[in-house]
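Down below is the structure, laid out as structure tokens.
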Amino acid sequence: MTNGNGAPPEQAPPQLNVLAQYTKDLSFENPNAPASLAPQAQQPAINIQINVGANNLSENEFEVTLSIEGKAENDGKVMFSFELAYAGVFRIVNVPKENLHPLVMIECPRLLFPFAREIIATAVRDGGFPPLMLDPVDFVGLYRQNVERQAAAQVASGVKPS
């Protein structure tokens with residue numbers, strides 16, 4: 001098939017559309033208030049965990065969930081903790097199959113992150129603390145770690161990677 005001048009037809013460009021964004025779950029705990037709100041002698045230790053999950057809703061639509069958990073501790077006492085599951089529905093078309101998984105697991109959470117970051121900053125501020133501004137996340141590095149972990153788990157279980 002040609003486009004009339006002997007050249008093959010152009011392939012439609014890849015598309016990534018955000019159809020919806022929403023908070024699936026949000027929890028903020030301030031278990032030691034009001035004592036935790038008093039001036040502290042030192043900065044709290046803050047631990048953050050980030051995970052990405054995806055569900056295939058239809059052939060071209062994916063729900064991607066960015067899960068962020070955090071805890072601030074000072075002298076062994078929890079000052080605050082939070083959990084956020086922030087999700088989006090994405091339509092992805094004209095993307096080669098071998099590029100689809102990295103696109104879903106890297107680019108989609110990268111688009112969600114600024115909104116999740118703002119929700120967390122606001123929740124922490126509303127809890128009586130200075131807003132917690134999360135550092136940018138290397139979603140490529142996170143993706144590689146997860147792929148390596150899955151491959152190592154398959155090797156350990158005796159399953160050959162596909």
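Some observations on this one:
- Scoring GLY128 on the criteria (1) of a type outside the set (A, V, I, L, M, F, W, C); (2) closer than 27 Å to GLU73 by Cα; (3) surrounded by fewer than 17 Cβ atoms within 10 Å (Cβ to Cβ); (4) within 18 Å of the chain's Cα centre (by Cα) leaves a single failure, condition (4).
- Residue in region 92-106 that is part of a strand (DSSP E or B) and at pLDDT 95 or above present: yes
- In region 51-79, residue surrounded by the fewest Cβ atoms within 10 Å (Cβ to Cβ) [restricted to those that are β-branched (Val, Ile, Thr) and touching a Gly at 6+ places or on another chain (Cβ under 9 Å)]: THR65
- Here ALA156 fits the description: exposed (fewer than 11 other Cβ atoms within 10 Å of the Cβ) and either in contact with a Ser or Thr (Cβ under 6 Å, 6 or more places away or on another chain) or assigned to a helix (DSSP H, G or I) (or both).
- All positions within region 74-91 that are closer than 28 Å to LEU37 by Cα and assigned to a strand (DSSP E or B): ASN74, LYS77, VAL78, MET79, PHE80, SER81, PHE82, GLU83, LEU84, ALA85, TYR86
- Scanning region 29-73 for residues that are over 18 Å from ILE92 (Cα atoms), assigned to a strand (DSSP E or B) and out of contact with any helix residue (DSSP H, G or I) (no Cβ under 8 Å at 6 or more places or on another chain) yields GLU29, ALA45, ILE46, ASN47, ILE48, GLN49, ASN51, SER67, GLU69, LYS71, ALA72, GLU73.
- Among the residues listed as ALA20, ALA116, the single one being of a type outside the set (S, T, N, Q) and crowded, with 18+ Cβ neighbours inside 10 Å: ALA116
- Residue check, ARG149 at pLDDT below 95 and assigned to a helix (DSSP H, G or I): yes
- When PRO109, PRO96, PRO114, PRO130 are screened for being touching a helix residue (DSSP H, G or I) at 6+ places or on another chain (Cβ under 9 Å) and without any contact (Cβ under 8 Å) to a residue 24 or more places away in the chain, only PRO130 passes.
The values are calculated or read from the model by the stated rules, or taken from the named source; none is laboratory data. Because the structure is predicted, anything quoted here is derived from the model rather than measured. Virtual Cβ from ideal backbone geometry, glycine too; neighbours counted across all protein chains shown.
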